[in-house]
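Okay, so here's the structure we're looking at.
FYI, it's all coordinate maths here, none of it is from the lab. A quick note: this is a predicted structure, and the numbers were derived from the prediction, not measured. Positions of Cβ are backbone-derived with ideal geometry, glycine not excepted, and every protein chain shown enters the neighbour counts.
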Amino acid sequence: MSAHVWATASTKGGAGKTTLIAILAGEIMRLGGTVALIDGDPNTPLLNWVNRSDLAKRIPVIVDTDPEGSELESNIEKASGQAEFVLLDTEGTENARSALAAQLADLVLIPMQYSALDLNEATKVRTFLTKLETRTGRARPNVIVPTRVPAAIRSRTQKGIGDQLTAQGFPVLDPPVLEKDAYRQIFSEGCLLQDLPPAPALTSAHQNAQALLQGLAAIYGAAHAA
């Protein structure tokens with residue numbers, strides 16, 4: 001069976017793409033699944049993450065260096081031979097590789113913070129996916145994934161942008177990626193969430209990670225069962 005290919009898509013940096021990929025990779029592995037990563041960011045944040053420790057022995061990372069996407073399809077095939085899930089992290093810019101990643105993915109994740117700028121960029125991605133579906137006749141399941149959301153306070157800006165997403169009919173993942181120190185810690189230490197020493201503060205991060213994967217799995221399953 002071929003791997004399940006999930007790709008991030010955002011035309012700006014700082015939307016939370018790499019953090020989302022790392023969280024999902026850890027949660028899939030916690031449940032016994034296997035993961036391979038494709039790092040399409042010139043700064044190679046995923047490669048840097050796994051190389052901070054022995055995590056590289058557990059998670060293969062393929063660096064895709066061509067912004068034109070000439071090697072992307074072959075890299076996905078290579079990664080598919082190594083794991084059940086291929087998680088593809090694109091750079092925060094518009095280029096041929098990012099567009100091709102959306103075409104090749106089984107599920108497109110559109111991370112965004114609750115800001116007017118991120119909303120504008122997420123709307124551009126959704127517009128592209130709609131045009132792609134019209135042109136090819138094949139739907140690419142996709143979902144907005146809010147990131148870096150405070151756990152306790154729902155600001156006026158967050159509510160207003162949430163209302164705009166609803167009005168436009170955008171599918172939005174619930175729960176969002178919450179703002180957690182643990183998510184920053186996994187990058188500084190080169191580990192998975194479950195590798196961190198047990199601590200009361202980690203409980204909500206674990207719960208958030210579990211709920212994120214469950215929500216995406218439900219969307220993915222429903223889309224591919226149709």
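Under a 5 Å amide H cut-off, with hydrogens placed 1.01 Å from N, Thr147 pairs with Met112, Gln113, Tyr114, Val177 among residues at least 5 apart or on other chains. Taking amide hydrogens as placed 1.01 Å from N in the peptide plane, the amide H of Ile62 sits under 5 Å from those of Leu37, Ile38, Asp39, each at least 5 positions away in sequence or on another chain.
Along each principal axis, taking the top coordinate minus the bottom one, the Cα set of region 110-213 gives 49, 33, 21 Å in descending order.
For the peptides 21-34, 211-224, residues were scored by their other Cβ atoms within 10 Å and the scores averaged per peptide; the highest-first order is 21-34, 211-224. Measuring r between the beta carbons of His224 and Lys124 and using R0 = 22 Å, the FRET efficiency lands at 0.30. Stretched out straight at 0.36 nm per residue, the stretch from Ala151 to Ala116 would grow longer than its current Cα-Cα span by 10.6 nm. Taking 25 Å as the straight-line reach from the Cα of Lys180, the lysines in range (excluding those fewer than 8 positions away in the same chain) are Lys12, Lys17, Lys159. The label point for Gln168 and the one for Gln194, both projected 7 Å from the Cα toward the Cβ, are 3.6 nm apart. 3J(HN,Hα) along region 97-106, derived from phi through the Karplus expression 6.51 cos²θ - 1.76 cosθ + 1.60 where θ = phi - 60°, amounts to 5, 4, 5, 5, 4, 5, 5, 8, 6, 7 Hz, with x in place of Gly and Pro. Derived scalar couplings between HN and Hα for region 22-30 equal 5, 4, 5, 4, x, 5, 4, 5, 4 Hz in order, rounded to whole Hz, by the Karplus curve 6.51 cos²θ - 1.76 cosθ + 1.60 (θ = phi - 60°), x for Gly and Pro. Available extension along the chain between Ala96 and Glu84 is 1.7 nm, counting 0.36 nm per residue and deducting the alpha carbon span. Under conditions of 20 °C and 1.002 mPa s, region 4-225 yields 122 µm² s⁻¹ as its translational diffusion coefficient, taking Rh as the Kirkwood radius over Cα pairs in the Stokes-Einstein equation.
Note on the chain: dipole from Cβ charges, positive end direction compared against Ala79, Val172, Leu132; the farthest Cα belongs to Val172. Length gained on full extension, Glu71 to Arg184: 37.6 nm, using 0.36 nm per residue less the C-alpha separation. Calculated mean residue ellipticity at 222 nm for the chain: -14500 deg cm²/dmol, from DSSP H runs with n ≥ 4 weighted as -39500 (n - 2.57), summed, divided by the residue count and rounded to 500.
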